[in-house]
1. Confirm whether residue 299 is surrounded by 16 or more Cβ atoms within 10 Å (Cβ to Cβ) and under 28 Å from residue 34 (Cβ atoms).
2. Pairs under 7 Å by beta carbon, first residue touching a residue at least 24 places away in the same chain (Cβ under 8 Å) and loosely packed, with under 15 Cβ neighbours inside 10 Å in segment 398-423, partner among the basic types (Lys, Arg) and in a strand (DSSP E or B), six or more apart or different chains?
3. Read through the list (1) within 30 Å of residue 186 (Cα to Cα); (2) buried (at least 19 other Cβ atoms within 10 Å of the Cβ), then give the number of the only condition that residue 351 fails.
4. Please specify each residue of segment 1-38 satisfying the condition of being basic (Lys, Arg) and within 14 Å of residue 62 (Cβ to Cβ).
5. Being out of contact with any Lys or Arg (no Cβ under 8 Å at 6 or more places or on another chain) and modelled with pLDDT under 95 narrows it down to one of 24, 18, so name that one.
6. Any idea which residue in segment 297-337 is nearest to the ligand (Cβ to nearest atom), counting only those that are more than 26 Å from residue 168 (Cβ to Cβ) and in a loop (DSSP other than H, G, I, E, B)?
7. For residue 248, state whether it is part of a loop (DSSP other than H, G, I, E, B), touching an Asp or Glu at 6+ places or on another chain (Cβ under 8 Å) and either within 15 Å of the ligand (Cβ to nearest atom) or among the small types (Gly, Ala, Ser) (or both).
8. Would you check which residues across segment 365-394 are in contact with a strand residue (DSSP E or B) (Cβ under 7 Å, 6 or more places away or on another chain) and away from the ligand (no atom under 14 Å from the Cβ) and list them?
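The values are calculated or read from the model by the stated rules, or taken from the named source; none is laboratory data. Keep in mind that what you see is a predicted model, and the values were worked out from it rather than measured. We place every Cβ from the backbone using ideal geometry, glycine too, and count neighbours over all the protein chains shown.
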Amino acid sequence: MKYYSTNRRCPAVDLKTAVLQGLAPDGGLYMPEQLLVLRREFWTNWKEKSFAELSLEVLTPWLGDSVPGDELGIMVEDAFNFDVPLCQIEERVNVLELFGGPTCAFKDFAARLMARLVRYFVQQENHRLTILVATSGDTGSAVASGFLGVPDIDVVILYPRGKVSDIQERQLCGMGGNVAALRVEGTFDDCQALVKQAFVDQEIQAKRPLGSANSINIARLLPQMCYYFWAMARLGGKQPVVVSVPSGNFGNLTAGLMAQRMGLPVDRFVAATNNNDAVPRFLMTGEYKPLPSKATISNAMDVGNPSNFVRMLELFDHDAKAMAKVLSGYSFSDDATQSAIGDVFGRSGYVLDPHGAVGYLGLKTELQKRPDTVGIFLETAHPAKFAAVVEPCIGQAVEAPARLAQYLELEPKSTSLANDFQALKTFLLSS
Ligand SMILES: *Cc1c(COP(=O)(O)O)cnc(C)c1O
């Protein structure tokens, strides 16, 4: 499998090159040249497979010619070593809980598999690699946790000062070791712009080769296909299925759309966003007008100009109508999100986090229009990660799982960075 750049101004490359480069040299994002459909035999017993077995089958077509099957099998088992429950919380409403990993957010799936892949590829090279990553909250900690202590790899995280939750900041800044955290005087979009600029800077790349662990990296995207298959296998009914994905940078949803192309029988997807609604507006009007990001209570989705949108366009040959045939988009205010957290808790006792609540609202909106369907929404973080938002909505405390509580003990250590490329360059070349 070769991966081409969405800007089409550089040659297609193999998986290893795409993963180690992150962003293509022409500034585009890598996409697979073909969209592979699973063999017919896959479907005979897919519902009996374990999460790791299913994942290995789903990933082999994309990764199999770059990583030997037994190696890939070990990576997948190792990376996906936690439960992924699908629970029904209301009639026709199922939640896929994706927060079972060490940092309690769905990004653990991709970050953990990616860390193993990158380590495998870096071992074949003879230089160190610095993983440079911008985060709106959860990416940084998942990536830091995935790469912590991996030999020959350093991690540098940029996050917007004052725009991540307390526990997120402790997770980002408390790892130490080969992980450095930079708090930037700016927004997430500023952090992302700084990172993108660093990748195309020849001097930095020559002196300190950089890799990316943002969802621009194809290695972040591919692992996220697996749990869509898992969820559909658990549901097992005959009704059409709608899957609602709370979205920011749209890597998660893009992976779902790719799973659908592989043959997964999802009827329809919902792009559910907070007030950062460039994609829902596009689906409505056919015009893409990104705006600066706005701060909301679902901060991991505060993305004004989602980087994976171009990948979604590629999947549909830049045809807005074709995209709207399988994808609906809705955005929800903070007020609506808070009410949903309270209402769902009151009705079923289920505690949503603010991101999952946006996904829930998106699903409910779509289900109303499609009475013959059942739905799944993705719960992308544990509510205890956003206790300050969730607790007032439900009127009681949310207990943090032990793996999350341990971070509260950590003293956050980070370095302040001006929102200025030269400052980042100086840091990278001198530390
Ligand atoms: C990153 C994140 C999202 C958004 O995922 P994208 O792939 O960027 O759309 C949603 N919820 C949580 C909790 C996240 O950390």
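1. Working: surrounded by 16 or more Cβ atoms within 10 Å (Cβ to Cβ): yes; under 28 Å from residue 34 (Cβ atoms): no.
When the stated conditions are applied, residue 299 does not pass them.
2. Hits for this filter: 416/183.
3. Tallying (1) within 30 Å of residue 186 (Cα to Cα); (2) buried (at least 19 other Cβ atoms within 10 Å of the Cβ), residue 351 fails exactly one: (1).
4. Within segment 1-38, the first condition is being basic (Lys, Arg), and the residues that meet it are 2, 8-9, 16.
2, 16, listed by residue number.
5. 24 is the lone residue from the list that is out of contact with any Lys or Arg (no Cβ under 8 Å at 6 or more places or on another chain) and modelled with pLDDT under 95.
6. Among them, the one singled out is 316.
7. Values: part of a loop (DSSP other than H, G, I, E, B): yes; touching an Asp or Glu at 6+ places or on another chain (Cβ under 8 Å): yes; either within 15 Å of the ligand (Cβ to nearest atom) or among the small types (Gly, Ala, Ser) (or both): yes.
Considered against the rule, which asks whether it is part of a loop (DSSP other than H, G, I, E, B), touching an Asp or Glu at 6+ places or on another chain (Cβ under 8 Å) and either within 15 Å of the ligand (Cβ to nearest atom) or among the small types (Gly, Ala, Ser) (or both), residue 248 comes out as yes.
8. Within segment 365-394, 365, 366, 367, 370, 373, 374, 375, 376 meet the criteria.
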